[in-house]
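Peer 1: I'd like to ask some things about the structure below.
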Amino acid sequence: MGGLIVVNCGQSERLDETLAFALSGIPHERVACAEARTRLSGARVLFALGLGEHGLDADVVALIAYLRLNPRAMEGATGAMIVDGAGELYTKQTADMLALAANLAGCRFPGKPLVEATASLDNWRIQAKRRGVSPQEAYRLAARELAERLASFTPRTAERPSVLLLHASDRATSNTLQIGTNLVEKLLPYCDIREISLQNGAIYDCRGCSYKTCAHFARQNSCFYGGVITNDVYPAINECDALLLLCPNYNDSVSANILAFINRLTSVLVYNSLYEKNLFAVVVSGYSGSDLVAQQVLGALCLNKTFMLPPRFCLMQTANNPGEAMLAEGIRARIDEFAANMLQTMRGAG
């Protein structure tokens, strides 16, 4: 297994104990935030953050700012995160912000690259029960498993990737779909593309079934509500190498149908692995807030649902009136660049 660069921000006795357990026998070098900045490119990086009660720790903020200011700082790097909080809030918020900043600076994240702990460890009670251990031990074991996955991670590639284009947009008016369509044109000579629209028909959100009920339906690759999600989307997710999700910004969130799709993916995960599937997205905002939607998508589908996050996973654009996005300065060059990034990621080509 390759050596890790452990970027340590903030002081936490519990984090130190967790890292000692997680990294035992794994070659690594532990460095402070400020010292790590020139060491990130091409490395396997484990961000280990000990957050104060209010989350906005100066060294963490400085790290995120550095990554935003240096868009090639993590070129060729692979990352993961352990976030240990002194309060009940801000661990996931901080992880989302750091993941997007690192990703836009060139970092790839394996599926489910976050282990986070609130002060009470109440967020580990369910996993602790399933493992038959204490919340503290469940946290430590998950941190160990994450460190091992990061050290041994190798992304899967395909000569002719299969891409699922998923959206809930109107073809005549949607700026997001127009960008997505132009992007697909660049990919078609090299990829097999399947497009599924969630716009037509009733898309029911997750009803919050018990794990037992969800597992019952999952055995048939189904879900309580059925419909297009189970009939079309579930099989397409299992068959694809990459998901290209089109996300117009609706009140600083993905649209209702896209959110319902995300929520209902839990049934797929019961018996299927998404760890080797790449996640890409196009986010278009009428005014601002594309970063919020990008963080929502990566938080839900990579940090939670186990999709792999390739470098610079998201193309973001501001546009309001229909057709405006494709008239934006430099948009065609950015689409070309994004398509090239997708192909290089999926095919492993130079």
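Peer 1: Taking the Cβ of VAL45 as the centre, find all other residues whose Cβ is under 14 Å away and add up their charges (Lys, Arg: +1; Asp, Glu: -1).
Peer 2: Result for the local shell: +3.
Peer 1: Grab the eigenvalues of the alpha-carbon gyration tensor for the range 4-152, scale each by 5, take roots, and send me the semi-axes largest first in whole angstrom.
Peer 2: Working from the Cα gyration tensor, I get semi-axes of 24, 17, 13 Å.
Peer 1: Using Cβ contacts closer than 10 Å as the measure, can you line up THR18, THR154 from fewest to most?
Peer 2: Going from least to most buried by this count: THR154, THR18.
Peer 1: Now a separate question. Given contacts defined as C-alpha pairs under 8 Å and at least six residues apart, what's the relative contact order of the chain, whole-number percent?
Peer 2: 17
Peer 1: When the chain is treated as a GNM, springs tying every alpha-carbon pair under 10 Å, which of PHE338, PHE21, PHE313 comes out with the largest mean-square fluctuation?
Peer 2: PHE21
Peer 1: Per the Debye formula with a single identical scatterer at each Cα and no solvent contribution, what log10 I(q)/I(0) holds for the chain at q = 0.08, 0.14 Å⁻¹?
Peer 2: One equal scatterer on each Cα of the chain leads to -0.38, -1.21.
Peer 1: Could you work out how much longer the chain between GLU29 and SER120 gets when fully extended? Use 0.36 nm per residue separation minus the Cα distance between them, nm to one decimal.
Peer 2: This chain segment gains 29.9 nm when fully extended.
Peer 1: Counting other C-beta atoms within 10 Å, and keeping those with at most 16, which DSSP coil trypsin sites (Lys or Arg not before Pro) do you find in the range 134-186?
Peer 2: Here the sparse-neighbourhood loop sites are ARG156, ARG171.
Peer 1: A further question follows. Provide ASP291, ASP232, ASP170 in ascending order of the number of other Cβ atoms located within 10 Å of each residue's Cβ, fewest first.
Peer 2: Ascending number of Cβ neighbours within 10 Å: ASP170, ASP232, ASP291.
Peer 1: Hey, if you drop one equal point scatterer on each alpha-carbon of the range 30-92 and run the Debye formula without solvent, what base-10 log of I(q)/I(0) do you get at q = 0.12, 0.15, 0.18, 0.22 Å⁻¹?
Peer 2: Debye curve over Cα of the range 30-92, log10 I(q)/I(0) at q = 0.12, 0.15, 0.18, 0.22 Å⁻¹: -0.30, -0.47, -0.67, -0.95.
Peer 1: Find out how many positive minus negative residues lie around TYR287, taking Lys and Arg as positive, Asp and Glu as negative, among other residues whose Cβ is under 14 Å from that of TYR287.
Peer 2: -3
Peer 1: Distance from the Cα centre of the range 121-158 to that of the range 1-79, in angstrom?
Peer 2: 18
Peer 1: Summing -39500 (n - 2.57) over the DSSP H runs of n ≥ 4 in the chain and dividing by its residue number, what mean residue ellipticity at 222 nm do you reach, to the nearest 500 deg cm²/dmol?
Peer 2: My calculation for the chain gives -11000 deg cm²/dmol from helical runs alone.
Peer 1: Give the whole-number value, in cubic angstrom per residue, of the convex hull volume spanned by the C-alpha atoms of the range 243-341.
Peer 2: So the per-residue hull volume is 92 Å³.
Peer 1: For LEU69 and ASN321, calculate 0.36 nm times their separation in residues minus their Cα-Cα distance, and state this gained length in nm to one decimal.
Peer 2: Taking 0.36 nm per residue and subtracting the Cα distance, the gain is 87.7 nm.
Peer 1: Can you sort THR94, THR306 by how many other beta carbons sit within 10 Å, fewest first?
Peer 2: Lowest count first: THR306, THR94.
Peer 1: Please report the base-10 log of the normalised intensity I(q)/I(0) for the range 82-121, using a Debye sum with one equal scatterer per alpha carbon and no solvent, at each q in 0.27, 0.31 (1/Å).
Peer 2: -0.90, -1.04
Peer 1: What is the local net charge at ARG347, summed over the other residues whose Cβ is closer than 15 Å to its Cβ (Lys, Arg +1; Asp, Glu -1)?
Peer 2: After counting each charged neighbour, the total is +1.
Peer 1: Note down the nm distance, to one decimal, between modelled labels 7 Å out along Cα→Cβ at LEU56 and at ASP252.
Peer 2: 1.4
We did not get these values from a lab; they are worked out from the coordinates using the rules stated. Everything quoted here is computed from the prediction, not taken from an experiment. With ideal geometry, Cβ positions are generated from the backbone for all residues, glycine too; neighbour counts draw on all protein chains shown.
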